[in-house]
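The values are calculated or read from the model by the stated rules, or taken from the named source; none is laboratory data. Quick caveat, the model's predicted, so the values are computed rather than measured. For neighbour counting, all protein chains shown are included, and Cβ atoms are generated from backbone atoms with ideal geometry for every residue, glycine included. Ligands, DNA and RNA are excluded from the accessible area calculation, which covers all protein heavy atoms including side chains. Shrake-Rupley method; radii C 1.70, N 1.55, O 1.52, S 1.80 Å.
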Amino acid sequence: MNRGAGVANPLGYLDATLAQLHAEGLYRTPRELTGEQQARARFDGREVINLSSNNYLGLTTHPKLHEAAMEAIRSLGVGSGSVRTIAGTMELHVRLERRIAEFKKTEAAVVFQSGFAANAGTVSSVLGRGDVILSDELNHASIIDGARLSRAEIRIFPHRDLAALERLLDETREYPHRLVITDGVFSMDGDIAPLPGIVALARAHGAIMMVDDAHASGVLGKAGRGTVDHFGLHGQMDIQVGTLSKAIGALGGYVAGRQHLRDYLIQRSRPFLFSTSHPPAVAAACLAAVDVLEQEPERIDRLWDNTRYFKSALARLGFDTGVSETPITPIIVRDSAKAGQMSDRLYALGIFAQAVVYPTVAIDKARIRTIVTSEHTRDQLDRCLAALETVGRELRLI
Ligand SMILES: Cc1ncc(COP(=O)(O)O)c(C=O)c1O
C-alpha cells in the first residue's frame with residue numbers, strides 16, 4: 001500500500017516516549033552477540049569478558065547438550081508441529097517432565113515454553129476472581145502479569161517481610177483460595193527468600209505456597225535442585241517453578257508439584273493450551289542438562305568458588321553490592337545515566353557488564369548487574385575487578 005504524504009501515523013506517539021527514554025538515560029540497545037554465549041564472548045564485534053549472562057554453569061555450549069540437540073534434530077526434526085493437546089505430545093517432552101519431577105523429588109512436572117510462561121500460566125489458571133495472591137514486592141514480572149491475568153486480588157508484602165506477610169494472612173482469612181508467592185532467589189538483587197518462614201506461615205494459614213526458582217535452579221541445593229532442597233523443604237511446597245533458560249543452558253520453564261497440579265495445568269493453563277511446545281532439540285538438550293547437573297557437581301562448586309572470590313574482592317574495593325547472597329551481584333549505582341556510563345566504560349576496557357535501569361529496577365536503584373559463572377578463570381575475574389576499580393574511581397563510586 002502506498003502511504004501518501006500527509007497520512008498521519010497512528011503510532012506517532014511512540015516517538016515521544018522513545019525520545020523521553022533517551023533523555024532520561026533509560027533507552028536500551030541490546031549488544032549484539034556473534035558466536036557462542038560464553039565467559040569470553042564477542043559483543044558488538046569486540047571480544048570481551050562476559051559478566052552479564054545467566055549461563056551460570058556454562059551449559060549453553062556443553063558438548064553433551066550440543067550432541068543431544070543435534071541427535072534430536074537428526075531423528076525428530078526441527079519443530080514439534082503444534083500445541084501438545086492438539087498435535088499430540090512428543091514422547092521426549094513427557095520424558096523430560098518425568099526426569100524433572102524425579103530431579104525435583106516431586107510427583108510430577110509439566111514443561112512450558114519459558115519460565116515466564118510457566119509463572120504467568122500457572123498463577124493465572126490456579127487462582128481466579130474472588131481469590132487473593134500475596135506476593136513479595138520484588139517478585140518477577142511474570143508473576144505480576146500472571147497475578148493480574150488471574151483477576152484475583154493482589155496484596156503485596158514488603159520484600160522478605162515475614163511479619164507483614166503474617167498480617168496479610170490474618171486479614172485474608174475469608175478468601176476461598178490464597179496463594180503466597182515468592183521468588184526463591186531475587187533476580188536483580190541476588191538475595192534468597194526466607195523460605196522456611198514463608199512456608200511455615202503459608203501452611204499455618206492453609207494457603208497455597210509457590211516459589212519461583214528461576215535463579216536457584218542449577219545454583220542452590222544438591223546438584224542445583226533449588227531453594228526447596230537448599231532449605232530441606234521437600235514435600236512442603238505446593239508449586240515449584242523453575243527455568244530451563246538460565247543455568248540449564250537452553251530454553252523453557254517447568255512447574256513441579258503434585259500429579260493433580262500437572263493434570264490441571266494441562267487442562268487450564270493458557271500457554272500450554274495455546275502455544276506450540278518446544279522443538280525436540282530444546283527438550284533433548286534440557287534432558288541432557290539434568291544429567292550433567294548430577295554428573296558434574298564440580299561445575300556448581302566452581303560457580304560458588306568464583307562467586308565468593310568476586311564478591312569479597314568487590315567488598316574490599318568498597319562497592320555497594322546490596323544484599324546479594326548468590327552469584328547475582330549487583331553494583332549499585334543509583335543514577336540511571338551513570339549506570340549506563342559505567343557499563344560503556346567497562347565495555348571500553350573489555351568487560352561486558354550490563355546496566356539495569358527502570359522499569360526492571362526502581363528508578364533510583366540503577367545498577368550494574370554482574371554474574372560470574374563456573375567457567376570464568378581467575379585471570380578473567382582479576383581483569384574484571386581491575387576494570388571495575390578503575391571505572392568505580394572515575395565515577396566516584398568507591
Ligand atoms: C525470577 C525469574 N522468574 C522467571 C523468569 C523467566 O524465565 P525465562 O527466561 O525462562 O522466561 C526470569 C528470567 O528473566 C526470572 O529472573
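Annotation for the stretch 222-239: no member residue is under 30 Å from A87 (Cα atoms), open to solvent by 10 Å² or more (accessible area, probe 1.4 Å), aliphatic (A, V, I, L, M) and touching a Ser or Thr at 6+ places or on another chain (Cβ under 7 Å).
Could you tell me whether any residue of the stretch 49-61 is away from the ligand (no atom under 15 Å from the Cβ), open to solvent by 10 Å² or more (accessible area, probe 1.4 Å) and outside any loop (DSSP other than H, G, I, E, B)? The answer is yes; a qualifying residue exists. When the stretch 297-352 is filtered for residues that are closer than 19 Å to D379 by Cα and assigned to a strand (DSSP E or B), the ones remaining, listed by number, are T329, I351, F352.
Out of E389, E375, one residue alone is open to solvent by 10 Å² or more (accessible area, probe 1.4 Å), of a type outside the set (A, V, I, L, M, F, W, C), outside any loop (DSSP other than H, G, I, E, B) and touching a residue at least 24 places away in the same chain (Cβ under 8 Å). It is E389.
Among the listed residues S277, S245, S269, which satisfies the condition of being among the hydroxyl-bearing types (S, T, Y), touching a residue at least 40 places away in the same chain (Cβ under 8 Å) and touching a Lys or Arg at 6+ places or on another chain (Cβ under 6 Å)? Steps first, please.
Details: S245 fails: touching a Lys or Arg at 6+ places or on another chain (Cβ under 6 Å); S269 fails: touching a Lys or Arg at 6+ places or on another chain (Cβ under 6 Å).
Result: S277 is the single residue among S277, S245, S269 that is among the hydroxyl-bearing types (S, T, Y), touching a residue at least 40 places away in the same chain (Cβ under 8 Å) and touching a Lys or Arg at 6+ places or on another chain (Cβ under 6 Å).
With respect to V219, determine if the residue is within 16 Å of the ligand (Cβ to nearest atom), in contact with a Pro (Cβ under 8 Å, 6 or more places away or on another chain) and of a type in the set (V, I, T).
On the way: within 16 Å of the ligand (Cβ to nearest atom): yes; in contact with a Pro (Cβ under 8 Å, 6 or more places away or on another chain): yes; of a type in the set (V, I, T): yes.
So V219 fits the description; yes.
Restricting the stretch 137-153 to residues that are surrounded by fewer than 16 Cβ atoms within 10 Å (Cβ to Cβ) and of a type in the set (A, V, I, L, M) leaves a set whose member that is nearest to the chain's Cα centre (by Cα) is A141.
Could you name every one of the strands (runs of 3 or more DSSP E) located completely within the stretch 132-234 that has at least 1 residues being closer than 22 Å to L244 by Cα? Output list reads 178-183, 208-212.
Residue-by-condition table, conditions (1) in contact with a Leu (Cβ under 8 Å, 6 or more places away or on another chain); (2) under 28 Å from G218 (Cα atoms):
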| position | (1), (2) |
| --- | --- |
| V94 | no, yes |
| R99 | yes, yes |
| A108 | yes, yes |
| V111 | yes, yes |
| A120 | yes, yes |
| A164 | no, no |
| R167 | no, no |
| E171 | no, no |
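Of the residues D301, D320, D305, only one is within 18 Å of L397 (Cα to Cα) and more than 19 Å from the chain's Cα centre (by Cα); which?
Numbers: D301 fails: within 18 Å of L397 (Cα to Cα); D305 fails: within 18 Å of L397 (Cα to Cα).
Residue meeting the stated conditions: D320.
Taking residues in the stretch 165-192 that are over 16 Å from V211 (Cβ atoms) and among the small types (G, A, S), and partners anywhere that are in a helix (DSSP H, G or I) and away from the ligand (no atom under 12 Å from the Cβ), not one pair has Cβ atoms closer than 9 Å while being at least 6 places apart or on different chains.
In the stretch 235-251, which residues are within 16 Å of the ligand (Cβ to nearest atom) and not in a strand (DSSP E or B)?
Listed by number, the residues that qualify are M237, L244, S245, K246, A247, I248, G249, A250, L251.
Does D183 satisfy being surrounded by 24 or more Cβ atoms within 10 Å (Cβ to Cβ), among the charged types (D, E, K, R) and modelled with pLDDT of 95 or more? Taking the combined requirement at face value, the residue satisfies it. Taking residues in the stretch 95-109 that are under 19 Å from A284 (Cβ atoms), and partners anywhere that are open to solvent by 40 Å² or more (accessible area, probe 1.4 Å), the pairs with Cβ atoms closer than 8 Å and at least 6 places apart or on different chains are E97/R262; A101/E107; F103/E294; A109/R98; A109/R262. If only residues of the stretch 106-129 that are away from the ligand (no atom under 16 Å from the Cβ) and part of a loop (DSSP other than H, G, I, E, B) are counted, the one that is nearest to M237 (Cα to Cα) is T106. Being basic (K, R) and assigned to a strand (DSSP E or B) is a property that R369 has. Identify, from the list Y264, Y254, the residue that is away from the ligand (no atom under 16 Å from the Cβ) and surrounded by 15 or more Cβ atoms within 10 Å (Cβ to Cβ). The conditions single out Y264.
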